[in-house]
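Novice: Next up is a structure, given as structure tokens.
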Amino acid sequence: MIATRPMDEPADDRARLARVLRHFVRFVARRPEFMRLMNDEGKRDGPRMRWLADHHVRPFADAVRDLALRAQASGALPASVPAASLHYIALGAAGLLFSQAPECAYLLGVDPTAESFAESHADAVVLLLLGPEPAER
């Protein structure tokens, strides 16, 4: 049988969801101003919010929803968590730290935008949202 997925594509839905979450954490670590902008624009319905949501947020939301539904169907995620809740839990867990980077630096003495810290944060987000990786069989 010929593989139908790219060599670097994870084999299971949990791993794919982890990959999407890690990618998002890396994105907001490098561009914390995006989270700040969306935190402001997302508060009100208007053409700017809709444009930003359609062009920049919807791809993440769609990917998380689709992967979460598949992971729920396979038992990798609890089926009782609504997709909308998962989206905003992931968004907050992954991004709030970076939109509040100056506060984090002041209170905790940590630069969350440092690459090593961002990677550590991505690991934490994946672990807290998806739990530990299942043991190989």
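Novice: Can you pull out the residues in segment 32-58 that are in contact (Cβ under 8 Å) with a residue 24 or more places away in the chain and open to solvent by 50 Å² or more (accessible area, probe 1.4 Å)?
Specialist: Answer for segment 32-58, where residues must be in contact (Cβ under 8 Å) with a residue 24 or more places away in the chain and open to solvent by 50 Å² or more (accessible area, probe 1.4 Å): Arg36, Asn39.
Novice: Next question, about the same structure. When you check Asp123 against the structure, is it charged (D, E, K, R), touching a helix residue (DSSP H, G or I) at 6+ places or on another chain (Cβ under 9 Å) and within 23 Å of Arg31 (Cα to Cα), yes or no?
Specialist: Details: charged (D, E, K, R): yes; touching a helix residue (DSSP H, G or I) at 6+ places or on another chain (Cβ under 9 Å): yes; within 23 Å of Arg31 (Cα to Cα): yes.
Here the answer is yes, as Asp123 does meet what is asked.
Novice: Quick check: anything in segment 100-112 β-branched (Val, Ile, Thr) and within 17 Å of the chain's Cα centre (by Cα)?
Specialist: The initial filter retains those residues of segment 100-112 that are β-branched (Val, Ile, Thr), namely 110.
Add one more test, that the residue is within 17 Å of the chain's Cα centre (by Cα), and what stays is none.
No, every residue in segment 100-112 fails to be β-branched (Val, Ile, Thr) and within 17 Å of the chain's Cα centre (by Cα).
Novice: Another question about this same structure. Could you check segment 88-120 and list, in sequence order, the residues that are of a type outside the set (A, V, I, L, M, F, W, C), touching a Phe, Trp or Tyr at 6+ places or on another chain (Cβ under 7 Å) and more than 13 Å from Phe27 (Cβ to Cβ)? If you could, list the steps in order and put the result at the bottom.
Specialist: Within segment 88-120, the subset of a type outside the set (A, V, I, L, M, F, W, C) is 88, 92, 95, 99-100, 102-103, 106, 109, 111-113, 115-116, 119-120.
Those still in the list that are touching a Phe, Trp or Tyr at 6+ places or on another chain (Cβ under 7 Å) too: 111-113.
Those that are of a type outside the set (A, V, I, L, M, F, W, C), touching a Phe, Trp or Tyr at 6+ places or on another chain (Cβ under 7 Å) and more than 13 Å from Phe27 (Cβ to Cβ): Asp111, Pro112.
Novice: Within segment 110-132, restricting attention to residues that are in a loop (DSSP other than H, G, I, E, B) and aliphatic (A, V, I, L, M), which residue is surrounded by the fewest Cβ atoms within 10 Å (Cβ to Cβ)?
Specialist: First, the residues of segment 110-132 that are in a loop (DSSP other than H, G, I, E, B): 110-114, 131-132.
This time we only want the ones that are aliphatic (A, V, I, L, M), so: 110, 114.
Values: Val110: 15, Ala114: 12.
By that ranking, first place goes to Ala114.
Novice: Something else: Looking for something in a helix (DSSP H, G or I) and within 25 Å of Ala135 (Cα to Cα) - is there at least one such residue anywhere in segment 74-92?
Specialist: Among the residues of segment 74-92, at least one is in a helix (DSSP H, G or I) and within 25 Å of Ala135 (Cα to Cα), which makes the answer yes.
Novice: Take Leu77 and tell me if it is open to solvent by less than 50 Å² (accessible area, probe 1.4 Å) and more than 16 Å from the chain's Cα centre (by Cα).
Specialist: No; evaluated as a whole, the condition is false for this residue.
Novice: Here are some residues: Tyr106, Tyr88. Which one is at pLDDT 95 or above and open to solvent by 70 Å² or more (accessible area, probe 1.4 Å)?
Specialist: Going through Tyr106, Tyr88 in turn, the sole match is Tyr106.
The values are calculated or read from the model by the stated rules, or taken from the named source; none is laboratory data. From a predicted model like this one, the values you see are computed outputs, not experimental measurements. Ideal geometry is used to build each Cβ from the backbone, glycine not excepted, and the neighbour counts take in all protein chains shown. When the accessible area is computed, the model is the full protein with side chains, heavy atoms only, and any ligands, DNA or RNA have been set aside. Shrake-Rupley method; radii C 1.70, N 1.55, O 1.52, S 1.80 Å.
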